[in-house]
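Peer 1: Once you've had a glance at the structure underneath, I'll fire off some questions.
The values are calculated or read from the model by the stated rules, or taken from the named source; none is laboratory data. Please read all numbers here as calculations on a predicted model, not as lab measurements. Virtual Cβ from ideal backbone geometry, glycine too; neighbours counted across all protein chains shown.
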Amino acid sequence: MRLTALDAASSMATAQPEGGSISRSTRILCTLGGTAVVAALVAWYVVGYAISLPPTVPQASAAGVTNITVQTVASYGRAPHPDWVSYLVKNEQGQWVHSTIWKVPAHSLVRVTVYQYDGDSGLRNPFLGQPRGIVGGTMTVNGKPLHVLDPDDASHTFTIPDLGVSVPLEGVADDAPNQCAVTPCTMAQAHNTIVFEFKTGKPGLHRWQCFVPCAAGWIYGFGGPMQTVGWMDGFLKVV
């Protein structure tokens, strides 16, 4: 009897040894190995992120008031990112620390003093020109009370979404003399002083950040320092 081409192909397939296919045990081992690799990569990322965070800086309290003193600068001026815009904070010893993770007491009044050394960038949303979530709805700029800031004059914002706090920070004029180039900046250099107060409430971990697209050289101004803890955003640890 003459075999057709289909019969011949069928016979060849039937005659193929079982060793030509992947066994179930091999597939299970491959799956477990792939899962282990993914888990290791995730663990490496999480650990790397955790150890790269800046230190937590406790803030001193007295008579029920916690004082936070920070400065904003146009460029950090030091490694690893000398041209990145940044925040710095004073520790309890009065030293400037490059950190944006601050610890404050729960159910307390927090008084924030910002020494603003950076120039204006402008707000994309004028809504952010009005301070919100602060005591009395008023901040002081260079000793004068202010209820709303011209959106064009803003350099940064200090915003804690969880607490409903958002305060625009007035930028230094472009033609101001003696502008700061390298951190930490001094009181003798051109700056604006912004003071406001807010209440912390119950314990929790709250993310804060600047909402002005001030990351020069990054697409839409929101990359680099704008999305990096330790520069233009951080955490408020309420304990």
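Peer 1: Regarding residue 99, is this residue crowded, with 16+ Cβ neighbours inside 10 Å and at pLDDT below 95?
Peer 2: So residue 99 fails the test.
Peer 1: Among the residues of the stretch 110-121, is there at least one that is in contact with a helix residue (DSSP H, G or I) (Cβ under 6 Å, 6 or more places away or on another chain), surrounded by 15 or more Cβ atoms within 10 Å (Cβ to Cβ) and assigned to a loop (DSSP other than H, G, I, E, B)?
Peer 2: Checking the stretch 110-121: at least one residue is in contact with a helix residue (DSSP H, G or I) (Cβ under 6 Å, 6 or more places away or on another chain), surrounded by 15 or more Cβ atoms within 10 Å (Cβ to Cβ) and assigned to a loop (DSSP other than H, G, I, E, B).
Peer 1: Further question: Tell me which residues, restricted to the stretch 68-92, are in a loop (DSSP other than H, G, I, E, B) and of a type in the set (Phe, Trp, Tyr).
Peer 2: Selection gives 76, 84.
Peer 1: Return yes when residue 143 is more than 23 Å from the chain's Cα centre (by Cα), in the same structural domain as residue 79 (by TED's automatic domain parsing) and within 19 Å of residue 69 (Cβ to Cβ) and no when it is not.
Peer 2: yes
Peer 1: Criterion first (at pLDDT below 95, assigned by TED's automatic domain parsing to the domain that holds residue 132, more than 22 Å from residue 123 (Cα to Cα) and more than 16 Å from the chain's Cα centre (by Cα)) does residue 200 satisfy it?
Peer 2: Here the answer is no, as residue 200 does not meet what is asked.
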